[in-house]
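Take a look at the structure below.
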Amino acid sequence: MPNLESFIALRHLEDRRTRFLSAITLIAIIGVFLGVTALTSVVAVTGGFQRAFQQRVLGVNSHILVLRYGLDFTDYREVGDKLDDVEGVRGTSPFILHEMIASQGGDTSGILVKGVDPDTMSEVTDLPQYVLHPGALQRMRYDGSDGQNRNPRVLLGKTLAEDLGVEKGDTLRMTSPLKNLDPGQWSPGESSPASRQVVVAGLFRSGFHEYDSRLVITDYRALQDFFNQGDAVNGIDLRLEDPFQADAVRSRISPMLPETDFNIIDWRQMNHNLFTSLKLQRAVLSILFLFIILVASFNIVCTLIMLVLDKKKDIAILKAMGADRLSIMKIFMYEGLLIGGVGTVLGLIGGLGVCLLVKFTNFGLDPSIYMIDHLPVDIRPLEFLVVGVVAMLVSLVATIGPAWWASRLNPVEGLRYEG
């Protein structure tokens, strides 16, 4: 009987004249196809955005920041040596951060200046890999006692350099509203902004607009000299063997450093708002495009209802021949599943095609809006499988009502007008 039920289901979906699928069946299949294609494409693109941001954040930033409250983090070398011995820590490097203003000619821009140790910077960040001029990191080393090196060397993001109209070897002026960070040395006569000329040692392009348009890298000793803060830093960057074990590493570090003196922040905390918004965006878009599949399921319902009305006589004959209600239900459920199955398979193929088109075509984005310069896509077979299963479940649910109605039809009613 199962083979007979599936055979009858297929015959119901055919056009009697062409022996091909009827027009209404094709419309229902197209509806499922469009819904699955749209949903798989959205899942892949939004997942691509999320993973692209995550890769940029984990590559350009350190995985954990160890910050000391106040301006007296002078024992950073000893603390760094202790942190190097912690299980899961790959490398450490001190840093200093300051908000400043860069100017060249009539162009100005607010910048974030990060002082790093050129010798250990590559141990905690991938940023040196994005430097466009070989040897720029070495040329950035600062020695205040060397008269030829009084003007600090800096690395600029490519976008920032274009905004200021500077290239490698040019000079620009960096200005800070405070000359000295030690409140004990402040005086009314020293409240004017301090500035210094710096030389562009090279440019970098990380592909992350927030860094390329605002970040300036220099030797941390140059900032110590500029702000007269002595041999002190703001904190220590840590890179981990596995960034997703940040919580475990934090639990190992915390007993070593007094909570009253230090603040330990991992990459998830630093970018909590960004990743939360990306996850929320992905969830909302997936739900919205899932409604396309739900709308397509109504096409299946309408198709099956029309088939039930058209096949009343056939249903009556089958019942007269001994077919029970379950068999009648199976026939129409097979019809709905066939529509949903063909539409889902074609939709998955279509979604894969759209994703490959996006992946291998340069759909440029405005980095000032989207923070990255290309449209990312992340094709994951498991996510495609989940979309396919969801689409088939929706199709199955859509068949239950019409199939149950068909099974409840009275044979006498189906044969009443036979003539």
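We did not get these values from a lab; they are worked out from the coordinates using the rules stated. Bear in mind the structure is a predicted one, so any value in this text is a computation, not a measurement. Positions of Cβ are generated from backbone atoms using ideal geometry, with glycine treated the same way; all protein chains shown enter the neighbour counts.
Quick notes
- Residues 267, 404, sorted so that the one with the fewest Cβ neighbours within 10 Å comes first: 404, 267
- Spacing of the modelled spin labels on residue 393 and residue 285, each 7 Å from Cα toward Cβ, amounts to 2.3 nm.
- In terms of packing, defined here as the mean over residues of other Cβ atoms within 10 angstrom, the peptides 80-90, 115-125, 255-265 line up highest first as 115-125, 80-90, 255-265.
- Highest mean first, the peptides 209-218, 196-205 sorted by other C-beta atoms within 10 Å per residue fall in the order 209-218, 196-205.
- 16 Å cut-off, amide nitrogen to a point 7 angstrom out along residue 126 Cα→Cβ, residues in the stretch 44-58: 48-58
- Only Lys, Arg (+1) and Asp, Glu (-1) charged, at Cβ; the stretch 62-267 dipole about Cα centre in debye: 640 debye
- Gyration tensor (alpha-carbon) shape descriptor, the stretch 62-267, a/c threshold 1.5: oblate
- Coupling constants for the stretch 377-392 follow from the phi torsions by the Karplus curve (6.51 cos²θ - 1.76 cosθ + 1.60, θ = phi - 60°), and in residue order they are 9, 10, 8, 10, x, 5, 5, 5, 4, 4, 4, x, 5, 4, 4, 5 Hz; glycine and proline get x.
- Cross-link table 114/168; 82/158; 114/158, entries beyond 26 Å C-alpha to C-alpha: 82/158
- Potential lengthening between residue 27 and residue 268 on full extension [0.36 nm per residue; Cα-Cα distance subtracted]: 82.1 nm
- Among 250, 268, the order by Cβ neighbours within 10 angstrom, fewest to most, reads 268, 250.
- Each of 176, 254, 62 has some number of other Cβ atoms within 10 Å of its Cβ, and from fewest to most they run 254, 176, 62.
- Close amide H contacts of residue 213 (hydrogens built in the peptide plane, cut-off under 5 Å, sequence separation of 5 or more or a different chain): 160.
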